[in-house]
Amino acid sequence: MRRLIALAMLVVFLAPLSVFAKEGMWLPILLKKYNIEEMQKMGFKLTAEDIYDINKASMKDAVVIFGGGCTGELISDKGLLITNHHCGYRQIQAHSSLENDYLTNGFWAMSQKEELPNPGLSVKFLVRMADVTAEAMKGITDESKEQKELKKNIKEIEKAAEKDNGYKAIVKPIFNGNQYFLFVYEEYKDVRLVGAPPSAIGKFGGDTDNWMWPRHTGDFSLFRIYADKDGKPAEYSPNNVPLKPKKFFPISMKGVKTNDFTMVFGYPGSTARYLPSQAVDRIMNVSDPDKVAIRTLKLRLMNEDMEADRGVRIQYAAKNASTSNAWKKWQGEIKGLKRLNAVERKLNQEKAFKAWMEQDPARQKTYGQVLPQFEELYKALKPYSKAYDYYSEIIYRGTDIFSIARTVDRLIKRSFNYDAAKRQKAADALKASIDKHFKDYNQPTDEKIFTELLKVYGKEVDCIFQPEYFCKNYAKLESGKFTKKIYRKSILTSKTKLNALLSNFTPANAKKLEKDPIIRLYREFVDAFTVKVWPNHAKISTKIGAVQKLYMKALMEMNKGKALYPDANFTLRVAYGKVEGYQPKDGVTYKHFTTLDGIIAKDNPEIYDYNVPQRLKELYKNKDYGQYADSSDGKVHTCFVASNHTTGGNSGSPVVNAEGHLIGVNFDRCWEGTMSDIMFDPERCRNIVLDIRYALFLIDKFAGAGYLLDEMQLVK
Ligand code: ARG
Ligand code: ASP
């Protein structure tokens, strides 16, 4: 009987992994083994080698890491690349000013000469990936030396992969460190802005519509990759030429229907699919709600000033968008996890694991401590993780003034070990980021945020984790006088004074900066954190990591022979599913696509995010859709949803059909499914995709940049 119950529970546990094929972000080199058969059954017409091959050009050669956290794909043999508007947002914003407001008005290069270079932006192509588990684990016998030896092995693997080729290699753990994979990249650094629609299209619906379906955002921007004459990576130079890529995506003009096969090929950032119940409990009941509360306050203050002043709106646009993005996602995540009874489900899974373990004394011996240790360690982590969250949200990324203090403080600390030349070079290297900081800085806004967030810090964080003096006196922040005074006295609030000190960066000037009241206060917070929170947090987290690794190992053993996908870690993955709408709640069904009708219906010149550009309204009125309307209804389709398992980082990813042709650009997930990083619900988790025909319509009809379409390969 006991065995039977155990078996029944095992089935419950395994069900979500095997029955719903739509969950999962798969490693391209393992498709052949685990997925291709099923993909083909679902309609895919190509082979695993068409997706990933190192001997001939394959789809992977048309996909890039865009900047620090997005995906992009090649759509012409002249290095033309499409990604999301929100992925190019920082670049678009950096080129914008009150006179040339590309954020509001859009930007279109009418020839290659007009394309805008973007210092600091790069794209990376994956050259190859490989399972290097054996090499990484080589010679590791003694557990106590494991980390050190592992590091050494990994360094060697990376070095060997980079030898004489200019590539960048990185080894990453897979399955919580049960396996190691090598990823080799070729990085291009001359990437120019080609086009971006106005925010009223590219960010249509703003943060109100963000993470929501139905959606009408034209979330795309165009860039071009430049290379030297031999097609090799080069720093920006006017002599560089457009890159001729090994592969680019043909674009389908056919549109999509319900149940069509879809595949997303990109760089999902991070998921946590195999967490224990305690971790999920902490995320949904403590950590997410805490962070949401802090950001609610910050956003309110920011929004007040942005609404009152157009200049501030431009300055804080990108900061606001990124603050708001996670803020909103966490709220959806909490709801989704609650609706799924996530903790209870995890507890059931743990019961099944326990039953499996108890079937065999050897398993018992290996894994017997996993669950009790999780219990103990997560309990021990509790106080530190709260202090950690508040520190990261308030001190680390809460205010602009502490961000610039962090940059300057790093320089000061390093500079004391440098000779004069090196010291000055390091100071000069900060120039660009200091310029950027002040371009987007409005001191009164920052002062308000500083006062209010620090008050929260004083109130919520346990006194033992704060600077002692601050904890006793934070109430004095109330009147705002303290903030005013410290900002007035600080060098960090004056670009001229700061640059004067840095342009002649002597040890005396470094010392002077050390005495700055903001730097001093910042250091007190950092010190309190690094002494009282960080070491304990790190120690417990490392232990949790080791237990998680063991738990993952057990899960892999339990699921032997079945396809299991490793958590996302910003490496190239394939997600496949189909075009389908969903039921967000009882009695409501959402269609799989939206149209221009919906944009016009939402038009509201009073609200920045819904102020439909005149030109778009004219095109709509005249039904001037050219070849871009859908043949089924004669309308311009704007976005669609599909059941591909995606996450942050997948933004900008190519969404392709059964033939491997581009049908859209991935940019978001729906509100009811934002918990998919932790728990996937095949009924409600959907990725949101820009219909590629809407992008082409905008480029051609709206922007008059139809010349760009001549480079593309349209499949009609
Ligand atoms: N939610 C999308 C993603 O996580 C898009 C975010 C950009 N848009 C915005 N309104 N903040 O990245
Ligand atoms: N919008 C996300 C991104 O930027 C995608 C997602 O979280 O679904 O990567």
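The values are calculated or read from the model by the stated rules, or taken from the named source; none is laboratory data. This is a predicted model, so every value here is computed, not measured. Note: ideal-geometry Cβ built from the backbone for every residue, glycine included; neighbour counts use all protein chains shown.
Details
- So residue 264, is it within 16 Å of ligand 1 (Cβ to nearest atom), buried (at least 22 other Cβ atoms within 10 Å of the Cβ) and not in a helix (DSSP H, G or I): yes
- Residue check for residue 389: over 30 Å from residue 453 (Cβ atoms) and either within 16 Å of ligand 1 (Cβ to nearest atom) or not hydrophobic (A, V, I, L, M, F, W, C) (or both): no
- Taken together, the criteria exclude residue 617 from residues that are over 25 Å from the mean Cα position of the chain (by Cα), more than 16 Å from ligand 2 (Cβ to nearest atom) and in a loop (DSSP other than H, G, I, E, B).
- If you check 636, 655 for being within 20 Å of the chain's Cα centre (by Cα), among the hydrophobic types (A, V, I, L, M, F, W, C) and either surrounded by fewer than 24 Cβ atoms within 10 Å (Cβ to Cβ) or at negative phi (or both), only one passes: 655.
- Restricting attention to segment 589-606, the residues that are outside any strand (DSSP E or B) and either among the aromatic types (Phe, Trp, Tyr) or surrounded by 13 or more Cβ atoms within 10 Å (Cβ to Cβ) (or both) add up to 9.
- Just one of (1) more than 16 Å from ligand 2 (Cβ to nearest atom); (2) part of a loop (DSSP other than H, G, I, E, B); (3) of a type in the set (A, V, I, L, M) fails for residue 272. It is (1).
Matching residues to (1) assigned to a loop (DSSP other than H, G, I, E, B); (2) touching a residue at least 60 places away in the same chain (Cβ under 8 Å); (3) away from ligand 2 (no atom under 16 Å from the Cβ):
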| residue | (1), (2), (3) |
| --- | --- |
| 100 | yes, no, yes |
| 104 | no, yes, yes |
| 113 | no, no, yes |
| 119 | yes, yes, yes |
| 141 | yes, no, yes |
| 152 | no, no, yes |
| 156 | no, no, yes |
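- In segment 160-208, residue nearest to residue 300 (Cα to Cα) [restricted to those that are aromatic (Phe, Trp, Tyr) and part of a strand (DSSP E or B)]: 188
- Pairs meeting the criteria (first residue in segment 509-536 and of a type in the set (D, E, K, R), second residue not in a helix (DSSP H, G or I), beta carbons under 6 Å, at least 6 apart or on different chains) are 516/490; 524/467.
- Count of residues meeting criterion [hydrophobic (A, V, I, L, M, F, W, C), farther than 30 Å from residue 49 by Cβ and more than 27 Å from the chain's Cα centre (by Cα)] in segment 107-155: 4
- Residue list for segment 557-588, restricted to those being surrounded by fewer than 19 Cβ atoms within 10 Å (Cβ to Cβ), in contact with a strand residue (DSSP E or B) (Cβ under 9 Å, 6 or more places away or on another chain) and closer than 30 Å to residue 362 by Cα: 563
- In segment 77-98, the residue that is nearest to residue 695 (Cα to Cα) out of those that are of a type in the set (A, V, I, L, M) and part of a strand (DSSP E or B) is 82.
- Contact map, segment 433-446: first residue over 13 Å from residue 401 (Cα atoms), second residue among the polar types (S, T, N, Q) and in a loop (DSSP other than H, G, I, E, B), Cβ cut-off under 9 Å, separation 6 or more or different chains; pairs are 439/97.
- Sole exception among (1) more than 16 Å from ligand 1 (Cβ to nearest atom); (2) out of contact with any Pro (no Cβ under 7 Å at 6 or more places or on another chain) for residue 90, by number: (1)
- Of all residues in segment 340-357, one or more are outside any helix (DSSP H, G or I), away from ligand 1 (no atom under 16 Å from the Cβ) and of a type outside the set (Ser, Thr, Tyr).
- You will find that of 380, 387, 432, 421, the residue that is farther than 20 Å from residue 520 by Cβ and modelled with pLDDT under 95 is 432 and no other.
- Flag: residue 317 matches the condition of being of a type in the set (Gly, Ala, Ser) and over 28 Å from residue 584 (Cβ atoms).
- Looking across segment 204-224, the residues that are polar (S, T, N, Q) and away from ligand 2 (no atom under 12 Å from the Cβ) come down to 208, 221.
- Among the residues making up segment 198-225, a single one is within 23 Å of residue 78 (Cα to Cα) and within 10 Å of ligand 1 (Cβ to nearest atom): 219.
- Residues in segment 113-134 that are under 26 Å from residue 56 (Cβ atoms) and of a type outside the set (A, V, I, L, M): 122, 124, 125, 128, 131.
- Qualifying positions in segment 659-716 - away from ligand 2 (no atom under 16 Å from the Cβ), under 24 Å from the mean Cα position of the chain (by Cα) and assigned to a strand (DSSP E or B): 662, 663, 691
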